């Protein structure tokens, strides 16, 4: 018995999809990941943002020692790291969609996206390192 | 890059709608929040480093410019409301169909 062909080979859509992928036009079936990431982080950021805002209000008049002690506690460290990463991921998707709309040359778009990605990676890495330093060093 | 572009169509081709105005506001506040995330990373680093850097950061955050840039982070509440509204709209829940509907142009295009 012949090996059954994969679902993709069965459909006439396949060739169009491959062509679209080659030409970078339209959907190549991986656009949903970004869309889903944006929605997931949006939902996650509602409780995380409320927690962070409440913590900031509590810490607003305190000194560095109090803030460092708060950041070194396990729950705060974990939630702040998740908050920063979710926020940056959400921001990256959002900023890229703005860039796609307003930057109309391919070179400009590439440069802007690389810049935004670099800033996001550096900000995320620096924030996580800062929290981890306090958490591990207590 | 020949895809149709939505920006700049708003005042010319589309009449004013509360939905598109909210969408534009959502984008603007989103960009402000993204810029504000620099402030967040800076604060975390300052707490971690302590000493001089924290003193400088605290002085900046308490200064008028710092307070203003913190106010820029205020839109988070509006964005949470926006997200909830969008989720309701997209999922078709909550009986919002009468109050918040898609622009008339969509209606005409799909008819």
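FYI, it's all coordinate maths here, none of it is from the lab. Bear in mind that the values here come from a model prediction, so they are computed numbers and not experimental data. Cβ atoms come from the backbone with ideal geometry, glycine included; neighbour counts cover every protein chain shown.
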> What FRET efficiency do you get for residue A:111 and residue A:54 if R0 is 41 Å and r is their Cβ-Cβ distance, rounded to the nearest 0.05?
Replying inline: 0.60
> Seen from all sides and averaged, what is the projected area of the convex hull of the Cα atoms in segment A:33-136, in nm²?
Replying inline: 7.6 nm²
> If you count, for every residue in A:124-135, the Cβ atoms of partner chains within 10 Å of its Cβ, what is the mean?
Replying inline: 4
>> How shielded is A:103-111 by partner chains, expressed as the average number of their Cβ atoms within 10 Å of its Cβ atoms?
In response: 1
> Where a ≥ b ≥ c are the square roots of the eigenvalues of the C-alpha gyration tensor, would you call segment A:64-103 rounded, which needs a/c under 1.5, or, failing that, prolate if a/b is larger than b/c, or oblate?
Replying inline: prolate
> On average, how many beta carbons from a partner chain sit within 10 Å of the beta carbon of a residue in A:87-95?
Replying inline: 4
